[in-house]
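The structure appears right after this line, and notes come after that.
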Amino acid sequence: MALPLFHVFGMVAGMHFGMASGASLVMIPNPRDIKDVLHAIRKDRPTFFISVPTLFIALLNHPDVKAGKVDFKSIKLCISGAAPLMAETKKSFEELTGGRILEGYSLTEAMMACTVNPALGVKKIGSIGIPLPDVEARIVDPDSGDKILPAGEVGEILLRAPQLMQGYWQNPEETAGVLRIHGEGGPWLHTGDLGYMDEDGYIFIVDRKKDVIKPSGFQVWPREVEEVISSHPAVLEVGVAGVPDDYQGEAVKAWVVLRSGQQATTDEIRQYCRQKLAPYKVPKHIEFREGLPKSMVGKVLRRILAQEDRAKQTR
């Protein structure tokens, strides 16, 4: 249990699920203390591990792990949430443990959890899975907010479930904006996340509605660019966001953290992106950094990166 218990992910997926299952909970006081996390894995041999992508990445890149000094084979099942799980991270950690990482999805407004990949079912890379029992999901036109879209078409993800919040505390206007009645039944939660549902009912998140970048009027989803850059062998972490641009209106910028001992240039990263992305999706700006700003649960804060960039330009 290497997540803060004040966060819905750690509280429900970790503490409550563990207690309801009658499981032994191995508590990690400070999730950022990777040495302590590795000590617990060596000593207690956990079988079930819930985490966030940042911690999976940190474990994979620890010197003791790279040297093969830690045995992860006791871990049979992992749940990843709170932030997008890059395909390369999932692949590497599954190879390390021999177990499976299931990516799930929900929001604080909908508690835990709403969708998750089946533990024994079909594995689809990049999917947040299928709705859990009593959870309904649909993809709607992001502009109208109610037109249901066919399979494969990108729109806003809506959720309806018994565990939806009643509303934001003393904020009826915000509540009315995200909890809306469409036809019969209870309200639907407008998540603000863009995604699509395939023919089998698996949901794939494209990105946050507010995070879409529009260079010269095109639409670029940061996560798609992040997935490509994160697969570069020299890259440890990456964040992508839109920044003001005099010519394009808005330009794609990537903030990159390199792996220890690795080197790469902006031209090399761009050339790598050109092989996998349409030209307008290739970052116009690339900045190398020692680290990226993150939330308490390890989610890269794109808005902070964009704010810091704007602050530099106004100096």
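The values are calculated or read from the model by the stated rules, or taken from the named source; none is laboratory data. The structure presented is a predicted model; accordingly, all values stated were derived computationally and were not measured. Heads up, the Cβs are rebuilt from the backbone with ideal geometry, glycines too, and the neighbour counts pull from every protein chain shown.
Of the residues screened, Ile229 is not one that is free of Cβ contacts under 8 Å to residues at least 40 places away in the same chain, buried (at least 18 other Cβ atoms within 10 Å of the Cβ), under 28 Å from Asn61 (Cβ atoms) and among the hydrophobic types (A, V, I, L, M, F, W, C).
Would you confirm, using the coordinates I've provided, whether Leu159 is modelled with pLDDT of 90 or more, in contact with a Gly (Cβ under 8 Å, 6 or more places away or on another chain) and buried (at least 18 other Cβ atoms within 10 Å of the Cβ)? No; evaluated as a whole, the condition is false for this residue.
Every listed requirement among (1) in a helix (DSSP H, G or I); (2) under 28 Å from Pro63 (Cβ atoms) is met by Leu236 save one, (1).
Would you mind telling me which numbered condition in (1) at pLDDT below 95; (2) surrounded by 19 or more Cβ atoms within 10 Å (Cβ to Cβ); (3) assigned to a helix (DSSP H, G or I); (4) touching a helix residue (DSSP H, G or I) at 6+ places or on another chain (Cβ under 6 Å) Glu250 fails? All conditions pass for Glu250, except number (3).
In the set (1) assigned to a loop (DSSP other than H, G, I, E, B); (2) in contact with a helix residue (DSSP H, G or I) (Cβ under 8 Å, 6 or more places away or on another chain); (3) over 21 Å from Gln307 (Cα atoms), Ile269 fails one condition alone, (1).
Given the condition without any contact (Cβ under 8 Å) to a residue 12 or more places away in the chain and not assigned by TED's automatic domain parsing to the domain that holds Glu237, answer yes or no: does some residue in the stretch 96-118 qualify?
The initial filter retains those residues of the stretch 96-118 that are without any contact (Cβ under 8 Å) to a residue 12 or more places away in the chain, namely none.
Within the stretch 96-118, none of the residues are without any contact (Cβ under 8 Å) to a residue 12 or more places away in the chain and not assigned by TED's automatic domain parsing to the domain that holds Glu237.
Restricting Met27, Met11 to residues that are loosely packed, with under 13 Cβ neighbours inside 10 Å and either in contact (Cβ under 8 Å) with a residue 24 or more places away in the chain or among the aliphatic types (A, V, I, L, M) (or both) narrows the list to Met27. All of (1) farther than 30 Å from Phe9 by Cα; (2) in contact with a helix residue (DSSP H, G or I) (Cβ under 7 Å, 6 or more places away or on another chain) hold for Val228 with one exception: (1).
Quick test for you: out of Gly152, Gly104, Gly129, pick the one residue that is among the small types (Gly, Ala, Ser) and more than 19 Å from the chain's Cα centre (by Cα).
Working: Gly104 fails: more than 19 Å from the chain's Cα centre (by Cα); Gly129 fails: more than 19 Å from the chain's Cα centre (by Cα).
Exactly one residue qualifies, and that residue is Gly152.
For the stretch 150-200, name all the residues that are of a type in the set (D, E, K, R), part of a loop (DSSP other than H, G, I, E, B) and farther than 18 Å from Asp134 by Cβ.
So the first thing to find is which residues in the stretch 150-200 are of a type in the set (D, E, K, R), and the list is 153, 156, 160, 173-174, 180, 184, 193, 198-200.
Restricting the remaining residues to those that are part of a loop (DSSP other than H, G, I, E, B) gives 153, 184, 198-200.
Across the stretch 150-200, the qualifying residues are Glu153, Asp198, Glu199, Asp200.
Do we have Phe204 as over 30 Å from Asp134 (Cβ atoms), touching a residue at least 60 places away in the same chain (Cβ under 8 Å) and of a type outside the set (D, E, K, R) here? Criteria not met by Phe204.
Between Phe72, Phe56, which is more than 30 Å from Glu174 (Cα to Cα), modelled with pLDDT of 90 or more and either in the same structural domain as Met197 (by TED's automatic domain parsing) or outside any helix (DSSP H, G or I) (or both)?
Details: Phe56 fails: either in the same structural domain as Met197 (by TED's automatic domain parsing) or outside any helix (DSSP H, G or I) (or both).
It is Phe72.
In the set (1) in a helix (DSSP H, G or I); (2) more than 24 Å from the chain's Cα centre (by Cα), Val37 fails one condition alone, (2). Gly129 meets each of the listed conditions (1) assigned to a loop (DSSP other than H, G, I, E, B); (2) within 21 Å of Phe9 (Cα to Cα); (3) in contact (Cβ under 8 Å) with a residue 40 or more places away in the chain; (4) not aliphatic (A, V, I, L, M) apart from (1).
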